[in-house]
1. Looking only at residues that are without any contact (Cβ under 8 Å) to a residue 40 or more places away in the chain and farther than 20 Å from residue B:106 by Cβ in segment B:215-252, which one is farthest from the other protein chains (Cβ to nearest Cβ)?
2. Any idea which of A:35, A:90 is without any contact (Cβ under 8 Å) to a residue 60 or more places away in the chain and in contact with a helix residue (DSSP H, G or I) (Cβ under 7 Å, 6 or more places away or on another chain)?
3. Hey, can you tell me all the residues within segment A:272-295 that are touching a residue at least 40 places away in the same chain (Cβ under 8 Å), at the interface with another protein chain (Cβ under 7 Å from one of its Cβ atoms) and within 16 Å of residue A:67 (Cβ to Cβ)?
4. If I filter segment A:50-88 down to residues being assigned to a loop (DSSP other than H, G, I, E, B) and touching a strand residue (DSSP E or B) at 6+ places or on another chain (Cβ under 7 Å), which single residue comes out as surrounded by the fewest Cβ atoms within 10 Å (Cβ to Cβ)?
5. Identify the single condition in (1) under 25 Å from residue B:35 (Cβ atoms); (2) at the interface with chain B (Cβ under 8 Å from one of its Cβ atoms); (3) surrounded by fewer than 19 Cβ atoms within 10 Å (Cβ to Cβ) that residue A:113 does not satisfy, given that it satisfies every other one.
6. Determine whether residue B:128 is outside any helix (DSSP H, G or I) and either facing chain A (nearest Cβ under 8 Å) or surrounded by fewer than 16 Cβ atoms within 10 Å (Cβ to Cβ) (or both).
7. Looking at the structure I just gave you, is residue A:104 at pLDDT 90 or above, away from chain B (no Cβ under 11 Å), in a helix (DSSP H, G or I) and under 30 Å from residue A:245 (Cβ atoms)?
8. Inside segment A:168-185, can you point out the residues that are more than 17 Å from residue A:153 (Cα to Cα) and away from every other protein chain (no Cβ under 12 Å)?
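The values are calculated or read from the model by the stated rules, or taken from the named source; none is laboratory data. Keep in mind it's a predicted model, so treat the numbers as computed, not measured. In this analysis, Cβ positions are derived from the backbone assuming ideal geometry, glycine residues included, and neighbour counts consider all displayed protein chains.
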């Protein structure tokens with residue numbers, strides 16, 4: 001409604017954003033709630049979004065129901081749910097899917113816990129806070145590929161600092177091949193995921209913490225509430241909506257992540273870190289199975305949507321009770 | 001006890017003196033020490049990979065081959081940087097990245113400013129659809145977008161082209177640019193626009209002479225952030241660019257990895273350090289603003 005009001009400013013009526021627009025011919029000549037000026041301002045952004053984001057997305061969904069392949073001369077044809085039937089029996093894909101879920105859940109949970117701890121510390125009046133604050137932002141500024149390369153140097157079995165340090169502390173014999181070990185590769189990669197994703201979460205949580213009313217804390221502490229009790233009764237309720245949105249987003253981002261693991265292990269050893277995105281990438285751009293890979297993408301979206309719906313609904317229910 | 005407060009308060013008034021004051025004081029001191037210890041752990045965890053990367057970049061091949069690596073290079077050298085430039089077309093890649101990221105950031109912000117203005121000031125169905133798109137665009141796995149995008153760009157002969165990649169980056173950086181700019185637009189008081197209108201400003205003039213100058217700091221921050229996002233991007237670059245002379249920094253870096261993995265650690269580290277510098281520089285400039293921008297965007301309710 002502010003649209004009509006703001007527009008009429010030109011004629012000098014000076015209505016604020018809160019007043020309802022008067023009914024006039026101009027007010028009625030709107031398409032989807034926007035008049036000519038509005039559309040004119042929106043169009044430069046709208047066209048690229050439609051052509052390069054919304055369009056491809058719909059096209060991609062349609063591709064999932066076809067036998068599209070790269071570099072094939074015969075015409076692509078719809079094959080109904082044949083891709084999904086094949087996918088149901090594709091044990092390699094489901095194995096990768098399980099790894100993807102495990103990775104996304106572990107990284108998201110650890111990221112959240114560690115970022116919450118850091119945000120709480122950064123919200124204190126500690127010395128050297130600036131150092132931690134700056135360091136916490138650096139991973140955000142680094143290209144994914146560089147983060148991957150950096151941790152490959154750390155994990156390097158011979159020249160890496162991790163093996164060397166552990167050897168000096170007499171914890172291991174210093175010959176662990178972190179990224180090639182069947183049991184250690186996934187945990188090692190998860191640590192990198194946590195490291196790389198901490199900045200955003202910390203910044204958002206810190207912003208949330210700064211909205212917690214100080215008076216409530218003082219009142220609670222005067223009433224004799226301890227540290228933990230104040231956290232659960234004062235900080236947490238204010239922080240909760242922020243936590244919900246950032247964990248949901250983190251989960252999506254992590255499940256769809258690609259670059260980090262591509263650089264670290266390329267899915268190896270023996271497919272132990274083959275995230276679904278890597279699997280689908282190979283299917284599409286190594287084997288050229290466009291339709292099949294699109295079907296994988298669609299299944300990934302569907303599962304994420306269901307998981308998120310369950311997660312957010314449960315949390316919202318908790319809120320009500 | 002207020003000082004040991006880890007529950008999210010910067011400072012609270014001292015509690016009234018009581019019989020347990022001494023014990024409380026001791027507990028407070030222990031709590032402080034615990035906090036510093038925790039902070040130290042975080043600093044170590046966050047800093048040690050960075051330190052290792054930089055240190056590796058300045059080590060000589062002999063030192064890198066040593067079985068007992070040290071934290072700091074004993075004889076710092078720039079050889080790795082020289083080798084890196086010899087091995088891969090780094091300078092070319094940096095120029096490619098600079099061009100693609102720079103142009104796409106400018107275009108993205110240029111089209112995002114009016115759109116963000118409309119989304120904030122005009123409450124319409126389209127504005128809500130825009131907000132919905134910002135959220136939904138975060139949810140879809142890139143593989144679902146990249147395949148059709150690849151096919152569309154191929155028909156337009158924009159695969160393996162920097163222009164094609166730039167176009168993709170415009171749309172790729174748009175959601176966050178819109179998100180940030182909406183926060184900044186909201187901070188511009190409507191009353192200023194009204195005053196300008198009363199003084200007889202046309203709508204276009206109001207936007208140009210009143211809104212835009214007030215948006216400038218936010219605009220710069222959004223521009224830098226979009227640049228960093230595009231500079232750091234890897235997946236689209238990997239899929240869409242095939243010829244080495246067109247590839248961006250992120251993609252070229254993976255060439256150092258080679259088939260047998262990290263055979264040449266020094267140049268790899270050196271090139272990585274170089275690839276991070278521009279983003280790091282921009283981030284240093286905008287860190288305060290970024291945190292503020294995210295907050296204003298987030299509290300829109």
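1. Among those residues, the one meeting the criterion is B:238.
2. The match here is A:35.
3. Of everything in segment A:272-295, those that are touching a residue at least 40 places away in the same chain (Cβ under 8 Å), at the interface with another protein chain (Cβ under 7 Å from one of its Cβ atoms) and within 16 Å of residue A:67 (Cβ to Cβ) turn out to be A:284, A:290, A:294.
4. Among residues in segment A:50-88 that are assigned to a loop (DSSP other than H, G, I, E, B) and touching a strand residue (DSSP E or B) at 6+ places or on another chain (Cβ under 7 Å), the one surrounded by the fewest Cβ atoms within 10 Å (Cβ to Cβ) is A:77.
5. Single failed check for residue A:113: (2).
6. No; evaluated as a whole, the condition is false for this residue.
7. Criteria met by residue A:104.
8. A:169, A:170, A:171, A:172, A:173, A:182, A:183
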